Structure formats: C-alpha cells, structure tokens
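S.K.: Structure below; questions to follow.
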Amino acid sequence: MLVLTRKSGESIRIGNNITITVLDNSSSQIKLGIQAPTDIPIHRSEVYERIQQENRQAVLSGTVQPQMLKDLFKTDPPPGTP
Amino acid sequence: MNTQSVECNQQSSEQPALFNMDNVQEQNIVQFPFGLPGFEMLTKFLIVELDDYPPFYMLQSLEEQEVTMLILNLKLLKVGKDIQIPRKEYSKIHLQDMTDAEVYVILKINSETHQFTANIRAPLVINTRERTGFQVILENDQLSVEHSLVNAFVS
C-alpha cells in the first residue's frame with residue numbers, strides 16, 4: 001500500500017480526475033473531501049462490503065423451492081394475487 | 001474476465017424451473033455497467049417476471065447463470081414511498097428523472113424459516129428506456145438490508 005502523509009487542507013490526486021482532500025483531522029475522525037466524476041461509485045468500505053455479502057447470500061441455492069414463493073403470501077397477499 | 005465455464009441454458013432437472021428460458025427476449029436483458037457489489041464482473045442480466053409466482057421477478061446473470069436472485073418492485077412495498085433515489089445516483093445510468101425508471105429490491109430467503117427479507121438499503125434502479133441498471137447504496141443507514149416482508153405490502 002502506498003502511504004502518503006498529508007496535512008489538513010492538502011490533497012492527493014488519483015489519475016486524471018479524482019482528488020481526495022483532507023478537510024479536517026482535528027478530532028479522532030478524519031474528514032475527507034472527494035472530487036470524482038459522477039459515474040464513479042464512492043462508498044464507505046464497510047457499507048459496500050455489507051452489500052456485497054447481502055448480494056452473495058441472496059443468490060438462490062438449490063434448497064429454494066418454488067413452493068416457498070407461494071407460501072410467502074399465505075398470510076400477506078399483495079394486490080392482484082389470488 | 002474469469003475462466004470458469006458457464007453451462008448453457010439448462011435448469012437442473014431435480015428442481016422445478018421458475019421460468020421458461022424459451023420465453024426470454026432481448027427486452028428482458030439489462031446491462032449493469034458497474035456489475036453488482038459482490039459480482040462486479042457480471043454486467044449482463046436477465047430480468048424476467050415470474051408469471052406463476054406474482055409479483056416476483058428473477059434477476060439472472062447471463063454470464064454466470066448460477067447467479068440468480070429473486071427481486072420485487074419496490075413500489076409494492078409500503079416502505080417504497082419513503083425511499084428516494086438521489087439524482088447523483090440515477091444519473092449514473094443516464095436517467096434525467098425517475099419517470100423512465102423501475103426500482104427493484106433484492107430478496108433473501110432464510111432457507112430454514114422460509115422467511116423472506118428485502119434489501120431496501122441497496123435497491124436496483126433500471127433505466128427502462130436504455131435497459132441499463134445500477135445497484136444504488138443509499139446513505140440512510142436506517143434502511144435495512146433485511147427488511148421483513150411480513151405485512152410489508154401496500155394494500
């Protein structure tokens with residue numbers, strides 16, 4: 001991992017169009033400002049990793065039977081469902 | 001991308017098929033230019049309505065067909081009216097506004113309890129005109145990745 005030391009107000013540049021600025025590091029947290037093209041998704045890592053995990057768990061396994069889909073609405077029928 | 005071979009369009013003979021691959025058309029194909037979190041390399045998916053199991057839809061990778069998930073239109077859920085997709089997110093798939101969009105949520109099934117939950121923190125936004133899609137991760141951490149579907153539907 002590349003390690004750079006930056007003071008508050010200083011920034012780093014990644015590629016042609018991404019700039020990350022240290023806005024404030026006066027408390028135990030560090031505030032970062034990120035300038036990047038709007039089509040680049042930016043997420044807190046732990047949130048992104050949680051969604052990765054959820055997506056992997058949502059993949060249907062062989063244990064899922066079509067009957068389970070029918071059972072779901074036995075108590076809570078959505079509109080238009082017989 | 002990866003070296004894993006992909007089986008052709010065969011459903012397992014031991015499990016009843018949820019939908020008939022013969023009915024799949026070009027209009028069911030949606031490009032996800034960013035992939036999905038956890039499946040970043042998969043960019044081409046089918047979204048097929050399950051006629052026998054309304055109101056479910058199936059999201060299936062065309063590149064790795066084992067990657068198949070159940071999804072549901074967010075507007076069917078009571079919580080749907082409270083969920084706003086920020087412009088900076090939907091503009092990633094060239095949407096000017098949400099009139100050409102459909103929003104789905106990915107479902108997860110607990111295989112022991114058969115309970116379903118929906119990930120309302122990270123909905124799928126589909127540009128229905130361009131057939132492109134994107135999984136948004138919303139900032140609001142009050143939105144659950146495991147939203148219960150019990151009594152969750154709009155009446």
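The values are calculated or read from the model by the stated rules, or taken from the named source; none is laboratory data. Treat the numbers as computed from the prediction; the structure is a model and nothing was measured. A quick note on method: Cβ atoms are made from the backbone with ideal geometry, for glycine too, and the neighbour counts reach across all protein chains shown.
S.K.: Determine which member of the set B:Ile106, B:Ile83 is farther than 21 Å from B:Pro33 by Cβ, in contact with a Pro (Cβ under 9 Å, 6 or more places away or on another chain) and of a type outside the set (Lys, Arg).
M.R.: That would be B:Ile83, the only listed residue that is farther than 21 Å from B:Pro33 by Cβ, in contact with a Pro (Cβ under 9 Å, 6 or more places away or on another chain) and of a type outside the set (Lys, Arg).
S.K.: A further question on this structure: Restricting the search to the stretch B:77-100, which residues are crowded, with 17+ Cβ neighbours inside 10 Å and either at pLDDT below 95 or more than 11 Å from chain A (Cβ to nearest Cβ) (or both)?
M.R.: The answer is B:Gly80, B:Ile83, B:Ile85, B:Glu89, B:Tyr90, B:Lys92, B:Ile93, B:Leu95.
S.K.: Could you check chain A for strands (runs of 3 or more DSSP E) lying wholly inside it with 1 or more residues that are modelled with pLDDT of 90 or more and within 14 Å of another protein chain (Cβ to nearest Cβ)?
M.R.: By residue number, A:31-35.
S.K.: Return only the number of the condition from (1) modelled with pLDDT of 95 or more; (2) within 12 Å of chain A (Cβ to nearest Cβ) that B:Leu74 does not satisfy.
M.R.: (2)
S.K.: Another one. Restricting the stretch A:16-53 to residues that are of a type in the set (Gly, Ala, Ser) and within 22 Å of the chain's Cα centre (by Cα), which is surrounded by the fewest Cβ atoms within 10 Å (Cβ to Cβ)?
M.R.: A:Ser45
S.K.: Could you list, in sequence order, the residues of the stretch B:22-48 that are more than 10 Å from every other protein chain (Cβ to nearest Cβ) and in contact (Cβ under 8 Å) with a residue 24 or more places away in the chain?
M.R.: B:Asn23, B:Val24, B:Gln27, B:Ile29, B:Val30, B:Gln31, B:Phe32, B:Met41, B:Leu42, B:Phe45, B:Ile47, B:Val48 - these are the residues of the stretch B:22-48 that are more than 10 Å from every other protein chain (Cβ to nearest Cβ) and in contact (Cβ under 8 Å) with a residue 24 or more places away in the chain.
S.K.: Kindly indicate which of B:Leu18, B:Leu59 is surrounded by 20 or more Cβ atoms within 10 Å (Cβ to Cβ) and either at pLDDT below 90 or β-branched (Val, Ile, Thr) (or both).
M.R.: B:Leu18 is the lone residue from the list that is surrounded by 20 or more Cβ atoms within 10 Å (Cβ to Cβ) and either at pLDDT below 90 or β-branched (Val, Ile, Thr) (or both).
S.K.: Is it true that B:Phe153 is under 13 Å from the mean Cα position of the chain (by Cα), within 25 Å of A:Gln57 (Cα to Cα), touching a residue at least 40 places away in the same chain (Cβ under 8 Å) and at the interface with chain A (Cβ under 9 Å from one of its Cβ atoms)?
M.R.: Criteria not met by B:Phe153.
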